[in-house]
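For reference, the structure discussed in these notes is given below.
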Amino acid sequence: MVTGLDNAGCAARADVVLVAVPWEGHGELLTNLREQLAGKIVIDCVNPLGFDKQGPFALPVPAGSAAQQAAKLLPDSRVTAAFHHVSAVHLADLAIESMDTDVLVLGDDRAATDLVRALADAIPGMRGVFGGRLRNAHQVEAFTANLIAINRRYKAHAGVRITDLP
């Protein structure tokens with residue numbers, strides 16, 4: 001059965017919440033959902049990016065990254081950063097049977113990052129890879145600007161693949 005809820009209702013019922021909103025609304029949304037997200041694993045996949053005539057670029061974030069901002073706004077949540085480089089076009093295309101990409105998962109809570117890695121692993125062809133502590137999320141978020149530029153130039157939906165892992 002599929003049901004629809006507003007953000008607060010969905011956050012209250014879920015054990016794991018994926019935050020995928022425009023950067024401009026990130027802080028306000030999380031502030032408004034602080035109570036509903038307490039005790040939950042929060043996967044932040046927001047990329048603070050700007051766009052101009054020269055293309056995409058990373059925006060400065062006072063907290064360091066969107067994920068670090070989320071952690072500050074949600075002190076009672078288990079914040080991770082992941083899914084920044086996954087093509088939304090590919091995710092929406094049900095004809096694609098396997099996603100040939102890795103998902104970098106960052107966070108300070110080992111159990112939370114392991115669960116998020118397992119969620120990525122559950123998608124055929126996708127692999128969750130621990131990418132470091134949450135303090136390094138700004139690098140992952142910013143790299144999305146490079147992938148967007150690559151995808152525009154080559155008319156592709158490129159992702160990331162980490163090599164030489166078991």
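Each reported figure results from applying straightforward, stated rules to the coordinates on display, with no laboratory input. Quantities reported herein were computed from a predicted structural model and do not represent experimental measurements. Don't worry about glycine lacking a Cβ; one is built from the backbone with ideal geometry, like all the others, and counts go over all protein chains shown.
Taking 0.36 nm per residue of sequence separation and subtracting the Cα-Cα distance, how much length would be gained by fully extending the chain between Asp100 and Phe143, in nm to one decimal?
On the way: separation 43, 0.36 × 43 = 15.48 nm, distance 1.81 nm.
That pair, Asp100 and Phe143, stretches by 13.7 nm at full extension.
So what is the relative contact order for the chain, in percent, with contacts set as C-alpha pairs under 8 Å and at least six apart?
Numbers: 289 pairs, mean separation 35.4, N = 166.
The value is 21 percent.
Once R0 is set to 45 Å, what does the formula 1/(1 + (r/R0)^6) return for the Cβ-Cβ distance between Ala8 and Asp164, expressed as a FRET efficiency to the nearest 0.05? Walk me through the numbers on the way to the answer.
Numbers: r = 44 Å, r/R0 = 0.97.
Given R0 = 45 Å and the Cβ-Cβ separation, E is 0.55.
May I ask for the net charge around His157, where only other residues with Cβ less than 13 Å from the Cβ of His157 are counted and Lys, Arg are +1 while Asp, Glu are -1? Numbers along the way, then the final one.
Working: positive: Arg152, Arg153, Lys155; negative: Asp93, Asp100.
After counting each charged neighbour, the total is +1.
Along the Cα→Cβ direction, 7 angstrom out, place labels at Asp15 and Ala156. What is the inter-label distance in nm?
It is 3.7 nm.
Counting each pair of different Cα atoms once, what's the Kirkwood radius of segment 87-166 in Å, rounded to one decimal? Let's see the in-between values first.
Working: mean 1/r = 0.0734 Å⁻¹.
For segment 87-166, the Kirkwood estimate is 13.6 Å.
Could you give the dipole magnitude of segment 1-114 about its Cα centre, charging the beta-carbon of Lys and Arg +1 and that of Asp and Glu -1, in debye to the nearest 20? Walk me through the numbers on the way to the answer.
Numbers: 7 positive and 15 negative charges, 58 e Å.
The calculated dipole for segment 1-114 is roughly 280 debye.
Rank-order 38-48, 150-160 by packing density, defined as the average count of other C-beta atoms within 10 Å over each peptide's residues, highest first. Write down the numbers at each step before the final one.
Values: 38-48: 21.7, 150-160: 13.1.
The most tightly packed comes first, giving 38-48, 150-160.
Determine one quarter of the surface area of the Cα convex hull of segment 7-154, which equals its mean projected area, and express it in nm² to one decimal. Could the numbers behind the result be given before it?
Values: hull surface 35.6 nm².
Projected area, direction-averaged: 8.9 nm².
Between segment 1-57 and segment 110-162, what is the separation of their alpha carbon centroids in Å?
Between the Cα centres of segment 1-57 and segment 110-162 lies a distance of 17 Å.
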